[in-house]
Structure formats: C-alpha cells, structure tokens
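One structure is given below, encoded as structure tokens.
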Amino acid sequence: MNSFPVNIHFHGWLTTLIQRVRRSNGLLAPPLNRRTSIKDLIESFGVPHTEIESIQVNGHSVSFGYIIGEESFVEVFPPQPPVNVLIPNLLRPRVLNAIRFLVDANVGKLAGKLRMAGFDTLYNPQWHDTELADIAAKSPCILLSRDIQLLKRKKIEFGHFVRETLPNKQLAEVIHFYDLSREIRPFSRCMRCNGSLTPVPKQEILEQLEPLTRKYYHSFHQCESCNQAYWSGSHREPMKQTLKELTRYRPLSY
C-alpha cells in the first residue's frame with residue numbers, strides 16, 4: 001500500500017506531552033503506509049488517550065476507534081476544566097456513577113490529601129501498573145498518575161496526568177480540574193484505609209487512647225472499616241490550612 005499524508009495538530013498543553021524527537025510548534029505530518037486507529041496514531045506521539053477531550057478528522061468529530069486510511073487533517077483537543085465524568089461524550093460514552101479516585105505511587109501523597117478532603121480514594125503503594133489498570137477498569141474510577149505509559153493502557157477509560165509536583169498543589173489541581181470544591185467533606189474518611197468515619201462514644205474506644213488523649217479530648221470518630229479512632233488534635237490545624245489554600249490556587253492553563 002502506498003503511503004498517505006496525515007497532518008495532525010495537537011492543541012493547548014498537549015504539545016508539552018509530545019515526545020521531544022517529534023515535537024513541533026506547528027503541524028506534524030507522519031507518513032502512514034497502513035490503516036491505523038486514531039487512538040494508536042495519537043499515542044505514538046506520546047500523548048495518552050486519557051488527556052484527550054475530542055478529536056476531529058477533516059472537520060468531523062470521531063471516536064477513538066476511528067480508522068485512518070487516507071489523507072487526513074487531524075486535530076486533537078485537551079479537556080477544558082471543569083471536566084464532568086458523570087456525563088457521556090463521544091470518546092467516553094460510559095460514565096462514572098460517582099467520583100472515585102485511584103492514585104498511583106508516583107503521586108502517593110496525593111491519596112492522603114484527597115482522603116483528608118473527603119474523597120473516595122484507592123491507594124496501595126505496592127500495586128503495579130497491571131493491577132492499577134485492572135482496578136481502574138473494574139471499579140471504575142479516575143486514575144491519577146504522572147506515568148504517561150500507564151495512562152496509555154487501553155483498560156483505563158478515565159485518568160488524569162497530574163501536572164503539579166507538590167502534594168498540596170496536586171490536590172488543588174484535581175479539585176479545580178473536576179470542579180469538586182462543593183464536594184469537599186473534611187475529615188469524613190479514614191486517612192489510613194479510606195473507610196468512612198462515624199461518631200463514636202469515648203467509652204467505646206478508651207483502650208485505643210493514650211492517657212493524655214483520654215484526659216483532654218472528648219469528641220471522637222471511628223473508621224467503619226479498620227476501627228482507627230480520630231479526634232480533633234493539633235494535627236488538624238495544618239490540614240485545615242491546606243484546605244484553605246485551595247482558594248488561592250492559580251489554575252493551570254489547558
């Protein structure tokens with residue numbers, strides 16, 4: 001089969017994900033000599049499908065399964081916050097029933113921040129890429145990672161490449177990206193296991209408490225899953241400050 005030209009243009013911040021050897025400020029024109037899916041073509045440049053909101057071929061919107069077999073002009077667009085994963089679109093006709101996150105080990109501290117803010121967040125630093133992809137497909141949930149190759153895995157429908165590097169800013173990025181500021185429920189989830197916290201009488205957890213905690217604290221919550229006890233100690237003030245800082249976050253450009 002003779003080769004045919006395909007001009008492809010990545011919009012917005014997607015240009016920063018393109019492999020350096022193929023990076024360009026203008027159009028990219030890879031020569032193709034066989035039919036190929038638009039998803040495979042796009043990811044060959046280093047851009048994961050999770051970071052794409054829409055694709056147009058010759059001016060028409062297409063899905064990831066679209067096959068390119070002739071001369072084409074392709075435009076690839078990133079998502080624009082706020083992103084709503086509860087509403088279907090052409091690239092993701094299956095939606096999530098609720099917001100739930102899965103965090104990769106390379107942004108592991110983000111898991112604790114999300115749980116602190118009250119978001120259902122799965123995390124285990126021992127999970128490898130195959131396990132993460134399986135969990136993301138079966139749960140389903142939004143995989144948060146800085147691993148480009150992991151986000152390219154076909155099983156992962158919903159994912160986000162976390163651009164910030166500091167945990168507090170990562171939390172702010174995710175909350176802004178998915179417009180979750182009204183969904184924050186501080187200290188409603190267990191930092192250890194992600195279980196829900198419920199009020200518990202002090203007398204029921206006395207054996208878990210150190211002498212000074214027994215003396216000075218009287219209001220407690222307990223995890224429904226692992227029975228870990230929580231109270232309003234000094235550790236809560238830094239957490240509250242983290243949540244206050246969310247309002248001062250400067251959103252990233254997309």
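Please treat every number below as a calculation from the coordinates, not as lab data. Keep in mind it's a predicted model, so treat the numbers as computed, not measured. A quick note on method: Cβ atoms are made from the backbone with ideal geometry, for glycine too, and the neighbour counts reach across all protein chains shown.
Let me check I have the definition right: for segment 51-194, take the eigenvalues of the Cα gyration tensor, multiply each by 5, take square roots. What are those semi-axes in whole Å, largest first?
29, 16, 14
Between helix 236-245 and the chain, what is the angle of the helix's C-alpha long axis to the longest principal axis, kept within 0 to 90° and rounded to the nearest 10?
The helix 236-245 is inclined about 30 degrees to the chain.
When the Kirkwood radius is taken over all Cα pairs of segment 4-77, what Stokes-Einstein diffusion coefficient follows at 4 °C and 1.567 mPa s, in µm²/s?
106
In degrees between 0 and 90, to the nearest 10, how far off the longest principal axis of the chain does helix 129-138 point, with axes built from Cα atoms?
With both axes taken from Cα atoms, the answer is about 80 degrees.
May I ask you to sort Ile135, Ile156 by Cβ crowding, counting other Cβ atoms within 10 Å and putting the fewest first?
Ascending Cβ contact count within 10 Å gives the list Ile135, Ile156.
Once you charge only the Cβ atoms, +1 for Lys and Arg and -1 for Asp and Glu, what is the size of the charge dipole of segment 197-236 about its Cα centre, to the nearest 20 debye?
Here segment 197-236 has a charge dipole of around 200 debye.
Could you give the Stokes-Einstein D for segment 98-179 in µm² per second, using the C-alpha Kirkwood radius, 10 °C, 1.306 mPa s?
128
If you wrap a convex hull around the alpha carbons of the chain, what volume per residue comes out, as a whole number of Å³?
Per residue, the Cα convex hull of the chain comes to 137 Å³.
Taking the Cα centroid of segment 218-243 and of segment 187-204, what is the distance between the two, rounded to the nearest whole Å?
After rounding, the separation between the Cα centres reads 8 Å.
Find the lysine pairs in the chain meeting two conditions, Cα atoms under 17 Å apart and a separation of 8 or more places or different chains, and report how many there are.
Lysine pairs satisfying the spacing and distance rule in the chain number 14.
What ranking, highest mean first, results for peptides 223-229, 40-46 when packing means the other Cβ atoms within 10 Å averaged over each residue?
Peptide ranking by packing, descending: 40-46, 223-229.
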